[in-house]
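Peer 1: Take this structure first; my questions come after.
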Amino acid sequence: MEEVTYTGSDTASFLSEMLLTDISINPGNAFDWEAYTSQYPTQARIQRLTYIAKHCASLRIPCSRAAISLIQSSTRNVSDYQYMVTVHNTQPGPSSNLIPASDRISADSSWIQSTQARNNAERQKLELEMRNYQNNLIKESIRMAHRDLGDHFWDTGDYNEALKSYTKTRDYCSTTDHVIEMCLNVIEVSLRLENWSNVQTFVSKAEGVLEGYVPSGSGAGGRKLSSLGASGIAPPTKGANTAGGDAIGALFRAGGSAAVPTGPTSSSSNAQAGGSGESASQAAARKVVQETGAKLRAANAIACLGQGRYEAAAKLLLSIDPAHSASFEDMISQSDVSIYVAFCSLATMERNTLRTNVMENTKFRGVLEHEPHARELLEAFTSAQFKRVGEILDDHSARHLLDPYLAPHVHSLRTSLTRRALRQFFTPFDRISIARMAAAFGWKEGKMEEELVRCIERGEFKNLPGKAAETGDARIDTISGTMEYKTKDARRAVFDDALEMGDKRYRETKRLLLRMKLVENGVIAKANRAYTVDA
């Protein structure tokens with residue numbers, strides 16, 4: 001199972017060198033960038049195209065062209081547009097030399113000028129409205145003004161300012177709808193900024209509110225946030241929407257619907273659903289809550305992955321109902337979920353846990369069908385076909401290394417996976433040939449011996465379960481070319497501990513006897529209480 005070799009002097013420099021890494025795609029590597037990016041909505045697709053263009057020289061031109069076209073047709077993000085034009089017109093690497101003039105493209109200056117003028121005019125308008133609302137002290141209007149200003153910054157690519165504006169709405173939230181909308185907006189921007197701790201902070205806040213959340217369109221109205229310290233009165237209804245309906249409208253702007261039927265249609269639906277014991281509005285409200293919870297868990301899983309908490313990320317993704325995958329498709333797709341779970345679970349879970357929680361999980365089985373190679377990877381690992389595991393990882397390395405969330409952790413995950421595989425393979429044996437292990441993993445003997453030495457130095461083979469004596473460690477016999485498990489004699493260890501304890505008690509007894517003799521003969525230095533030290 002060969003590990004991926006990265007540009008850089010050593011593995012410690014992997015993260016810092018990631019931006020300069022040229023990820024090459026082998027002829028046999030199954031990676032279709034168009035099919036990969038087409039499964040995401042606009043913003044997420046631009047993010048993936050940008051990442052691929054920056055990190056893969058062979059796809060730099062087509063992906064940058066696709067990103068430029070998408071940005072120009074679907075967004076108002078001038079800064080990203082100009083950046084992608086620069087990426088297209090320069091060569092990969094730290095030098096960033098220009099490509100030949102015949103291959104360069106020119107920026108659309110008329111689009112840039114008109115878009116910038118439109119953005120500036122809208123920003124001035126929103127800031128003026130904000131000042132007016134602040135002067136009038138209308139709490140709900142101030143909240144909506146901050147939210148609209150955050151939406152403007154998000155659309156124009158100023159994510160730091162968008163985060164500030166969305167965060168400011170926190171002080172003006174009056175209902176649960178408002179709090180959840182605020183949290184989702186902050187989470188979305190924080191994910192783009194890779195501010196993982198901020199993501200988890202607002203996920204926790206939203207999940208706490210979600211426990212008693214009743215969407216305002218369900219007929220129960222938005223619950224007051226007195227328990228969260230918020231005050232004020234819920235805003236009056238606007239048109240056909242109830243209080244907080246505007247927030248619900250933006251709740252799943254990238255997936256999922258919070259709309260609830262009203263009027264005669266709702267009445268007829270309630271009559272039809274009456275026999276099932278749940279009205280249509282209650283069912284719709286429950287769906288909104290479930291979709292919101294799924295989106296929060298997906299965001300939390302991405303944050304855990306970003307922090308290197310792989311087992312927590314796998315468990316969170318496994319807890320999501322695939323039926324609600326549309327609610328977080330603006331962050332990750334079903335294909336991403338299957339790959340993340342496969343990688344993270346293989347790197348952190350024991351084989352029995354892996355089989356129970358992942359392989360035999362009926363809900364997750366359907367998710368694995370979106371990425372068949374993830375299912376093959378899990379099956380190969382659990383059946384101890386470690387050479388096949390390495391082949392699958394190598395064949396799909398481009399897919400893994402061109403994922404913006406997974407790529408920085410591929411090296412760490414593969415290393416953990418390799419160590420776990422070596423430990424799992426060696427556990428049934430007391431003595432095994434290094435050549436046999438190398439053949440099972442598809443490695444050369446020299447590489448296998450080097451990796452085994454590193455594993456022994458790290459203590460990977462200490463106290464293996466299932467051995468006759470679970471206290472021991474592995475040792476390599478270079479002459480015979482084998483590795484064996486050296487056990488510690490438990491009986492000898494008991495005697496050694498007893499002798500050591502006896503010696504310790506003997507030394508303590510001698511010290512006590514000496515002190516008693518000194519006291520008995522008055523050989524004691526007593527301090528003079530009247531003695532003082534002058535300054």
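The values are calculated or read from the model by the stated rules, or taken from the named source; none is laboratory data. The shown structure was predicted, so the numbers you read here are calculated from the model rather than taken from an experiment. Note that each Cβ is placed from the backbone with ideal geometry, even for glycine, and that neighbours are counted across all protein chains shown.
Peer 1: What number of residues within region 135-145 satisfy the criterion of being exposed (fewer than 13 other Cβ atoms within 10 Å of the Cβ) and assigned to a helix (DSSP H, G or I)?
Peer 2: Residues in region 135-145 being exposed (fewer than 13 other Cβ atoms within 10 Å of the Cβ) and assigned to a helix (DSSP H, G or I): 2 in total.
Peer 1: Still on this model: What helices (runs of 4 or more DSSP H) completely inside region 1-64 contain at least 1 residues that are at pLDDT 65 or above and out of contact with any Cys (no Cβ under 8 Å at 6 or more places or on another chain)?
Peer 2: 33-38, 42-55
Peer 1: For region 503-535, how many residues meet the condition of being at pLDDT below 70 and of a type outside the set (Lys, Arg)?
Peer 2: Here the count works out to 8.
Peer 1: So, in region 146-165, exactly how many residues are closer than 21 Å to Val78 by Cα, free of Cβ contacts under 8 Å to residues at least 60 places away in the same chain and crowded, with 21+ Cβ neighbours inside 10 Å?
Peer 2: Going through region 146-165 one residue at a time, the tally reaches 7.
Peer 1: Which residue, of Ile112, Ile99, Ile71, Ile105, is surrounded by fewer than 18 Cβ atoms within 10 Å (Cβ to Cβ), at pLDDT 95 or above and among the aliphatic types (A, V, I, L, M)?
Peer 2: Among Ile112, Ile99, Ile71, Ile105, only Ile112 is surrounded by fewer than 18 Cβ atoms within 10 Å (Cβ to Cβ), at pLDDT 95 or above and among the aliphatic types (A, V, I, L, M).
Peer 1: Which numbered condition in (1) under 26 Å from Glu194 (Cα atoms); (2) in contact with a His (Cβ under 8 Å, 6 or more places away or on another chain) is the only one that Arg147 fails?
Peer 2: Of the numbered conditions (1) under 26 Å from Glu194 (Cα atoms); (2) in contact with a His (Cβ under 8 Å, 6 or more places away or on another chain), the odd one out for Arg147 is (2).
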